[in-house]
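Written out below as structure tokens is the structure these notes cover.
What follows draws every value from the coordinates through simple rules; no lab data is involved. Every value quoted in this text rests on a predicted model; they were computed, and no experiment measured them. A quick note on method: Cβ atoms are made from the backbone with ideal geometry, for glycine too, and the neighbour counts reach across all protein chains shown.
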Amino acid sequence: MFDSVNASAIKERVACFVVWLGAAAILCVLMWIVFDILMKGASQLSINFLLNAPEDAGRSGGIGTIIVSTLMILAVTITAAVPLALASAIALSEDAKSGPGLSGFVRRSLDVLAAVPSIVFGLFGNAFFCITLGMGYSILSGGLTLACMALPILIRTTEQAIRAVPSEYRHAAAALGLSRSTALFRVILPSAMPGIGAGLVLGIGRALAETAALIFTAGYVTRMPESLSDSGRSLSVHIYDMAMNVPGGNSRAYATATVLVGLLLFINAAALATTRYAGNRGSSHVMSGAIR
Amino acid sequence: MTLSCRNISFPFNADRWLTRLTRLSACVSAAIVLLVITFLLLESWPAFRTIGVSRFITDESWHPLSDRFCLVPMITATALTSGGAVIFAAPLGVCSAVFSQFYAPPRIAAWHRRLVELLAGIPSVVFGLWGLVILVPLLAHLGGSGQSLLAATLVLALMIMPTVALTSSSALSSVPAELIRGGAALGMKRWSIVWQIAIPAARSGINTGVMLATARAVGETMAVLMLAGNVPEMPSAIVSPVRTLTANIALEMGYATAEHRSLLFVSGLMLMGVVSAGVLIAELVRGRRHV
Amino acid sequence: MIRTELLSVHYGALTAVRNASFYVIKGKIAAIVGPSGCGKSSFLSAINRMTDLTPAARITGQIFVDGTDVHSSHQDAAELRRSVGMIFQKPNPFPMSIRRNIQLALKEHGTRRRTDLDTTTERVLQDVGLWDEVKDRLDSSAMELSGGQQQRLCIARAIALQPQVLLMDEPCSALDPIASAKVESLIESLRGRYTIVIVTHNLAQARRIADQVSVFWVRDGAGEIIEQGPTMDVFSNASNHTAAAYLAGVKG
């Protein structure tokens, strides 16, 4: 019996060591990647880099036009996806059961949509938006395709945020004789804003990181886009092109990657700060605002 | 009193419209996936008609310009890279979750979780870039050019690990505290509690995480495109260059014509089928367990 | 058997228990009573070092179990918890079979042979009066048992480790009256074989089964022991006014 007690003590120590080792390994790899990107890319960053257009197939010049294209694509995505996601989430949150029936079907479809690979979205976007709807390689096609991709996650987070609003608010609103739509727009949605905002940020982050879907919908062009029907290249597509198709483009790829990762970090930090701020402000404002 | 009269008639209409509009939106959202499937089917139909399903397996190689359409090397590459990635990522992800839930002091645990979320947010092209510039030359020492099955599998594992880690972490934190306390009160040591009580109790959440990660690995395009090499042939060794289904689509879409293009849609349909099946099975399993 | 000297339990800036000096003689049942929120559970958790699981918890003062300081370097926490078992208010069997519930910790603490495990399982289930009810379904899930059965199972798995002390935190308060009565008579039957410390809200229960009583009360923001002694003395002749009023049902 003495031996087996000792054996369990040894097992404990080994397990502890392995778990810490695993966590350290993850940390090391992450640091490796982040530092590599930052070190190789940060040296090339300058205002000129961020504002000028790429030259010499991107080996020199900047990424100004690409940033503009990226922002335009994002704008299309948000404009198309957010209202639809909000409305759908409201519908889903009203329905309590998630089993058979309409809401179950909707949820399952969205779960499948969420799992569809990005390249398949690229195929779909190409066939539907570019060819069938005749938009061609354009920022509009790219933005709409990304909207389809972002939709499931936006709906999921928005619905969660709405459901997280304490039911006491709903009861109070009903007891005050407020209609459901008033209660929704004046009490529930404002209270769910931080969660909805956080979900939006998540969706934007996902969209920014997208590459495969954009290659076949928004295209490769590096010129400054004049309108939504112009083709445009996003930051992530530029990184891919520089790394794989343009010999000697690696350094520019790193610089762009630094910008992209920096942008993502900034957006995430902003979201975190907003959530905390909104949480601190408290929800008492919400209720008094509704009665007015 | 006039206020309440207005409230009685108006909201009735506004509420009705609200319900109609939101339900319609939900249906539109649900319809998108059907739209995707429809277009995939429409575009792949020519390939089914002129080439036929059996040839995807029985043709001798993938040379579309010479009328050879065997998808098996690509399917194998996808299976190997995804499978390999999951084998690496699942234990590492669970280890990370166990670390942040049970072993790390609270502040370190919070930082660790933030780090993993950061890792989850890094775009796949950036992983591909890093892999291409740093990992590939290192792996070249093992033979070949470095762009290989191994390179793609390793980086893919890194990419999907956060998915497993974050889902497992929330599954572990949902294990009722009484179970943990019960184990501690019986004098069980930390690893025993984790291995014999916590992980089994969190099993369904962990499995969901692994399935999600697998789906992500199967569908990943950019990183494997940049790291797996570009050879549409069966791999002979772990350092052989391969091409996955996703990379195949990405590389050839640009110049594919008619039948060839249609065939790429077929592989897209295949990918969609595999991934959807995974999602639906996961939901079925989860549904059964709750009953 | 158990002795604490000026034991205080702090959670960060909050003091839950202050200067509790407590004792219980081997084989006796000690009841800890008092209104809600006066630190009774914290006090109990300190004895088998369950407070270690809460990062912010700090203990001052000393706790002795069978003569050994529980915080001394010679004392291993896991071994302490084998010998000082704990039963919680809400029954918390593991979501596993009845057999595995009992044998999991047994195996951990060194019993390996299948025959030994099964013999012990039967013995403890007999002791808690569950054997006849479950002997045909030892491999079915413990979650299928009723609340009272689950609590008796928790007691069984604790005594399977052959402890010297059993700490019970309101073991009957989550159970219906019939189950509660069964558990209470079980606890009484364990007198002599184990030293038992039971926290209870139920003054009548304390009066029925305890050999000694300690009354906790909140003073200056922390829980203190205001009255302590043999049950009959404390209930009929408490020297502290507040304690007397509480025990008579007037206050708290």
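Quick notes on this one:
- Cβ-based charge dipole, region C:208-252, positive-most Cα from C:249, C:235, C:213: C:249
- Per residue of C:94-100, other chain Cβ atoms within 10 Å of the residue Cβ number 3 on average.
- Sorting C:217-228, C:131-142 by average packing, meaning the other beta carbons within 10 Å per residue, from highest down gives C:217-228, C:131-142.
- With a 10 Å cut-off around each Cβ of A:101-113, the average count of Cβ atoms from other chains is 5.
- Shape of the protein assembly as shown, Cα gyration tensor, a/c cut at 1.5: prolate
- Count Lys and Arg as plus one, Asp and Glu as minus one, and take only other residues whose Cβ is under 12 Å from that of residue C:231; the net charge is then 0.
- Peptide-level mean, for B:33-44, of C-beta atoms on other protein chains within 10 Å: 5
- Global form of chain A, assessed from the alpha-carbon gyration tensor, a/c cut-off 1.5: oblate
- q = 0.14, 0.16 Å⁻¹: log10 I(q)/I(0) that the Debye formula gives for chain C, counting C-alpha atoms only: -0.94, -1.19
- When the pairs B:189/C:135; C:28/C:182; C:135/C:182; C:90/C:182; A:11/C:107; B:189/C:107 are compared against a 23 Å limit on Cα-Cα distance, B:189/C:135 fall above it.
- Cα gyration tensor shape of region A:1-103, rounded if a/c is under 1.5, else prolate or oblate by comparing a/b with b/c: oblate
- All aspartates and glutamates inside 13 Å of residue C:40 as judged from Cα atoms, apart from same-chain residues fewer than 8 positions distant: C:169, C:170, C:224
- Electrostatic bookkeeping for residue C:38 treats Lys and Arg as +1 and Asp and Glu as -1; over the other residues with beta carbon under 11 Å from its beta carbon, the sum is +2.
- Dipole size of the protein assembly as shown about its Cα centre, with +1 on Lys/Arg Cβ and -1 on Asp/Glu Cβ: approximately 1220 debye, rounded to the nearest 20.
- Working note: Karplus 6.51/-1.76/1.60 with θ = phi - 60° gives region A:59-66 the couplings 5, 9, x, x, 10, x, 5, 5 Hz, where Gly and Pro are set to x.
- Karplus-derived 3J(HN,Hα), 6.51/-1.76/1.60, for each residue of region A:252-265, Hz, glycine and proline x: 5, 4, 4, 4, 5, 4, 4, 4, 5, 5, x, 4, 4, 4
- Computed 3J(HN,Hα) for region C:181-194, one whole-Hz value per residue from the Karplus formula 6.51 cos²θ - 1.76 cosθ + 1.60 where θ = phi - 60°, is 5, 4, 5, 5, 6, 4, 4, 4, 5, 7, 4, x, 6, 10, glycine and proline marked x.
- Cβ-based charge dipole, chain A, positive-most Cα from A:254, A:6, A:212: A:6
- Positive-end extreme of charge dipole, chain B - chosen from B:171, B:54, B:276 (charges on Cβ): B:171
- Per-peptide packing, taken as the mean over residues of other Cβ atoms within 10 Å, places C:192-198, A:223-229, C:12-18, B:76-82 in the sequence B:76-82, C:192-198, C:12-18, A:223-229 from highest down.
- Computed E for residue B:120/residue C:220 - FRET, C-beta separation, R0 56 angstrom, nearest 0.05: 0.70
- Among beta bridges that DSSP assigns inside chain C, antiparallel share in %, nearest 5: 60
- Sorting the segments B:83-95, C:113-125 by their mean number of nearby beta carbons within 10 angstrom, highest to lowest, gives B:83-95, C:113-125.
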